[in-house]
1. If you take the beta carbon distance between ALA465 and ASN97 as r and set R0 to 60 Å, what does 1/(1 + (r/R0)^6) give as a FRET efficiency, to the nearest 0.05?
2. So how far, in whole Å, is the C-alpha centre of segment 337-370 from the one of segment 213-237?
3. Please compute the Cα-Cα pair-distance distribution of segment 364-483 with 5 Å bins starting at 0, giving whole percents from short to long.
4. Once the Cα atoms of the chain are picked out, what are the Rg and Dmax in Å?
5. Quickly work out the GLU76-to-VAL499 label distance, labels modelled 7 Å from Cα along the C-beta direction, and quote it in nm with one decimal.
6. DSSP loop (so not H, G, I, E, B), at most 10 other Cβ within 10 Å: list which trypsin sites (Lys or Arg not before Pro) in segment 99-199 pass both filters.
7. What pairs in LYS122/LYS155; LYS122/LYS299; LYS129/LYS227 have C-alpha atoms more than 29 Å from each other?
8. With n ≥ 4 as the cut-off for DSSP H runs, can you work out [θ] at 222 nm for the chain, using -39500 (n - 2.57) per run divided by the number of residues, rounded to the nearest 500?
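Derivation of every value follows stated rules applied to the coordinates shown; laboratory data play no part. For clarity, every value in this text was computed on a predicted model and none was experimentally measured. A quick note on method: Cβ atoms are made from the backbone with ideal geometry, for glycine too, and the neighbour counts reach across all protein chains shown.
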Amino acid sequence: MRLPATSRALRASSGRWSIAARPTIIPRSIPIPSRPAFSLREWSSTPTCRIPSTASPQKTQKSTLKIEDETHKTDEWTNTPDTILSHVGRRLYLDENHPLAITRQLIESQFTGPDFGNYSEKNPVVSTKNNFDVLGFPEDHPGRSRTDTYYVNDKTVLRTHTSAHQRAYFQQISRNEKTRPDEVGYTIIADVYRRDAIDRSHYPVFHQMEAARLWKRPDTNPLAASKETTAMIMADLEKLPSHDVVVEDPNPTLHDQRNPLQDKHHSVEEVEAVAAHLKRSLELMVIKIFTEASKAASKGGAEVEPLKVRWIEAYFPFTSPSWELEVFWQGDWLEILGCGVIKQDLLINSDVPNRMGWAFGLGLERIAMLLFNIPDIRLFWSKDARFLSQFRAGEITRFEPFSKHPACYKDVAFWLPPAAVTGGSAAGGAVPFHENDVMEIVRGIGGDLVEDVTLIDEFTHPKTARKSMCYRINYRSLERTLTNEESNELNLKVREKLVEELGVELR
Ligand code: PHE
């Protein structure tokens with residue numbers, strides 16, 4: 001059976017799905033750390049029933065939410081707090097001297113007109129249909145769970161990825177067929193939202209960039225013209241420059257179980273050609289990014305190794321075959337992006353039944369963090385001139401930390417309610433407990449004053465079978481020194497809220 005990317009072994013330490021356990025035969029010379037510093041966001045939960053949780057009701061919920069001048073009715077699905085909504089509309093990616101905008105432009109410069117239109121999507125409110133259904137997410141996909149996703153209400157969410165706009169952009173290509181026939185692809189930049197852990201490389205609001213490139217095929221019986229389609233794609237591949245960077249790509253393009261052909265729709269030759277075009281395009285993009293990063297690093301005196309990249313088999317509900325691209329950077333393999341051959345059913349449902357092609361999506365922050373040597377993801381949201389004044393449009397420079405303020409650690413230990421189970425599923429009638437609910441409470445109270453939250457101890461009482469958890473919260477401002485009283489006060493509020501919202505018993 002083919003396992004979805006999310007059906008990976010549960011990592012005991014953090015409750016997240018481990019990429020190390022993906023069902024492939026690729027040997028990993030370097031073990032993936034339990035929390036990769038820069039990883040493509042993964043869904044944190046176990047598969048779950050699509051039911052509104054009663055575990056963490058919003059006690060003071062408003063009847064409507066106003067987001068980007070639109071009013072949305074709330075319901076029992078709503079779990080989007082004002083602290084998250086306060087990030088909507090910052091549009092950091094348009095602020096041309098901001099590192100995220102500089103990174104966006106660097107990537108867009110690899111995907112230019114007339115082939116590609118470069119777009120941004122402002123309003124983060126999308127339907128569950130566009131975020132999940134049209135992309136083929138199964139009903140029990142963990143991404144649909146309230147522990148992972150910010151619901152505005154039953155039918156709408158804050159988009160969890162830019163792929164939520166794929167269908168609309170394919171439809172646009174179809175609409176513009178006569179007026180802009182050369183525009184066969186697009187890039188989109190947007191802010192995306194996920195309930196997640198708290199640490200220096202995870203923030204509930206981050207940015208993704210997504211792109212797709214399509215080729216036309218005959219309206220009827222396209223498989224009969226497979227040779228011509230293949231030749232057309234190969235001709236476009238020839239137009240891309242070649243490169244001499246070492247690329248590990250040990251797996252076949254197609255594998256019956258792990259990375260299957262959409263055999264109803266595509267021929268092997270066509271897919272080989274699309275995959276070759278996709279891989280070359282993305283390798284060139286990564287080479288451009290890391291050449292810039294190396295230049296900045298060597299200017300700053302850091303030692304720079306030659307670039308190494310590798311392709312890993314992957315799974316996404318809306319591409320097949322699928323891959324992830326990893327780059328060896330400063331001693332670690334970093335997951336940079338996900339991509340694949342677009343599911344033909346999605347193209348059929350998006351008014352472009354007579355085209356095939358590739359798509360990819362990447363997280364902007366992790367690339368910007370290594371380009372500019374930015375050590376903490378919270379900095380992107382900083383309004384402090386000591387941060388903002390360091391960057392200028394079109395320039396990749398190393399960030400100079402302006403100061404490191406002391407950390408203030410506070411532990412919170414508690415017993416879960418007797419019937420609680422960990423793993424995030426409310427199925428089976430037990431009261432669910434999900435780590436993301438703890439994170440959300442800490443985030444709601446501490447906001448950007450919290451650097452990270454880690455589970456440091458967990459055990460089950462041998463007699464009562466009750467489970468105890470202990471989290472360590474690191475309060476540290478990026479901008480000033482926090483007093484012990486301030487952190488104590490925040491921590492006291494966290495403790496009260498944990499009892500109130502999750503029904504835990506403090507120890
Ligand atoms: N949307 C995917 C994610 O957020 C990335 C992706 C985009 C994968 C497009 C394939 C194609 O993880």
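1. In this case the efficiency is close to 0.60.
2. The distance from the Cα centre of segment 337-370 to that of segment 213-237 comes to 18 Å.
3. Bin by bin from 0 Å, the calculated values are 2, 9, 15, 17, 14, 12, 10, 8, 6, 4, 2, 1, 0.
4. Both quantities, over Cα of the chain: 23.1, 74 Å.
5. So the label points at VAL499 and GLU76 sit 2.8 nm apart.
6. Qualifying residues, ordered by number: LYS178.
7. Beyond 29 Å between Cα atoms: LYS122/LYS299; LYS129/LYS227.
8. One gets -7500 deg cm²/dmol as the mean residue ellipticity at 222 nm.
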